[in-house]
1. Quick query: amide H of residue 379 versus all other amide H atoms, modeled in the peptide plane; which residues come in under 5 Å with a sequence gap of 5 or more or a different chain?
2. Considering the zone a paramagnetic label at residue 41 would reach in this model (a point 7 Å from Cα along the Cα-to-Cβ line), which residues of region 291-330 have amide N under 15 Å from it?
3. Once the cut-off is 18 Å, how many percent of the Cα-Cα pairs in region 27-127 end up in the long-distance tail?
4. Please state the shape class of region 185-287: rounded when a/c is under 1.5, otherwise prolate if a/b exceeds b/c and oblate if not, all from the C-alpha gyration tensor.
5. Mind listing the phi-derived Karplus ³J(HN,Hα) values for region 17-22, rounded to whole Hz, using 6.51, -1.76 and 1.60 with θ = phi - 60°, and x for any glycine or proline?
6. Could you pull out every residue, at least 5 positions away or on a different chain, whose amide H is within less than 5 Å of the one on residue 80? Hs are placed 1.01 Å off N in the peptide plane, and Pro or chain starts have none.
7. Taking amide hydrogens as modeled 1.01 Å from N in the peptide plane, which residues meet the under 5 Å criterion relative to residue 213, leaving out close sequence neighbours?
8. Karplus couplings for region 247-255 from phi (6.51 cos²θ - 1.76 cosθ + 1.60, θ = phi - 60°), rounded to Hz, Gly and Pro as x?
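Where a number appears in this text, it was derived from the coordinates with a stated rule and is not lab data. Predicted, not measured: the structure shown is a model, and the values here were computed from it. Glycine also receives a Cβ, built like all others from the backbone with ideal geometry; neighbour counts cover every protein chain displayed.
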Amino acid sequence: MYENDLEATAPRPPSDHRLLHLLALNPTDSVTEGYLPAAARLGLTVTVLTDQPEAHERALARYAADGGTLPELTVTPCAVRDFREVVSHLAALPRRPGAVFSNSDHLQVQAALAADFLGLPGKDWRAALRTRDKAELRRALAAAGLDTVRSAELPAGRDPAVLLAARPPLPMPCVVKPREGVASEDVFLAADTAELLARCREIQRRRPGEALVVEEFLDGPVRTLETLGDGRVLHPFAAFRTDISPPPHFIEERLVLLPEPPRPHTTQVLAQLRALGVGLGACHTEYVAQGDRARLIEVNYRSIGDQCDLVLAELLGIPLFEHVLRAHLGLPLPARLGARTDARARLEYIVADRPGRLVSAPAASVRETDGVRLDYRPLRETGTERPLHRTNRDFLGVLRATGTDQHRIDRAVAEFLAVNRWEIAP
């Protein structure tokens with residue numbers, strides 16, 4: 001018997017379904033205020049594997065000081081972007097966790113590979129890669145015969161001039177973006193070939209090791225579809241209308257919860273998600289509605305962020321974060337989620353329009369008015385100075401308005417914005 005045969009047949013340590021290993025980069029509200037409290041409610045013990053342990057310790061301390069409930073947990077340093085480091089760490093444990101989970105766009109493939117290596121429930125790493133890699137997403141959907149978006153890939157370090165030889169020619173205007181980017185960072189609408197080449201070179205200077213994707217501009221209203229799956233059933237449970245900043249940038253300025261996921265778009269999006277292999281846990285999909293046709297912008301194989309998932313968990317009356325964790329533990333979702341259908345919500349993002357120091361801004365507040373709950377949360381401390389990123393990193397605060405009457409919600413938001421000021425000094 002060869003040495004490799006001995007290794008292949010070596011018994012794995014037993015798994016403990018009370019143990020959860022969560023992979024993370026920087027702290028996020030979704031993890032700190034959503035998934036970790038849900039883990040506490042499920043009686044799980046959590047290990048946070050991260051390359052930013054001090055930042056997580058600070059975020060957890062702030063949340064606990066504000067009265068938040070956390071599970072028994074440990075924050076452990078790990079080079080989580082490298083799947084080999086993650087697998088090596090987990091394989092050396094005396095007890096296998098019940099699940100390996102991440103809510104980061106950047107770590108879905110690593111979490112899926114680690115879960116597969118340990119023989120745990122988890123996402124198909126191929127689906128995680130297809131959704132992460134925007135060029136592969138386009139190829140997969142075209143191969144499935146579901147949608148073809150004219151696009152071209154620019155490998156890292158390649159002269160953008162090669163894009164001019166693309167056949168068929170790239171349509172103008174077109175969108176240029178990093179192949180594995182997130183949060184609309186370095187996403188631009190190029191009006192013509194001269195601007196396309198200039199934008200590509202500009203991004204390459206900032207991201208010298210990253211490939212780019214150039215694709216046709218999908219014009220039309222932007223919608224999202226939020227889904228939950230357990231590997232067998234895929235529930236569409238919420239949808240938003242998304243208002244985007246004027247071109248050439250694509251910054252989300254507000255999201256409005258729709259009364260229900262719209263048809264026939266939802267049916268088409270679900271078919272495209274299944275073709276990509278999406279089916280476990282939460283997924284946040286953005287698409288353009290062109291008449292009765294849904295055309296995907298991108299697929300984020302995790303829960304919607306920027307406070308939206310926290311609002312949905314509170315407003316719809318479903319244990320959203322617990323459902324996601326249970327699915328990763330291999331447990332089935334209920335046949336019906338039972339989400340409220342009368343709930344309405346609007347999230348308004350206050351976006352910096354210039355670089356500089358935030359001199360003044362309203363403090364955090366929660367109040368009820370005319371049947372509307374207004375919850376304002378600052379996202380940037382006064383006194384801090386930042387450049388302009390043209391992404392959600394420019395958010396100064398978020399106003400969460402919820403109730404059952406959309407007109408009252410819109411009126412309450414307008415009144416809040418009219419009486420509050422955010423001042424940025426050069």
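1. Close amide H contacts, sequence-distant or interchain: 397, 398.
2. 309-327, by backbone N distance to the label point.
3. 47
4. Values: a/c = 2.57, a/b = 1.77, b/c = 1.45.
Because a/c hits 1.5 or more and a/b exceeds b/c, region 185-287 counts as prolate.
5. 5, 8, 9, 10, 10, 10
6. Amide H to amide H, under 5 Å and 5 or more residues apart or across chains, residue 80 pairs with 51.
7. For residue 213, the qualifying residues are 154, 177, 179.
8. Karplus-based 3J(HN,Hα) across region 247-255 equals x, x, 9, 9, 9, 6, 9, 7, 10 Hz.
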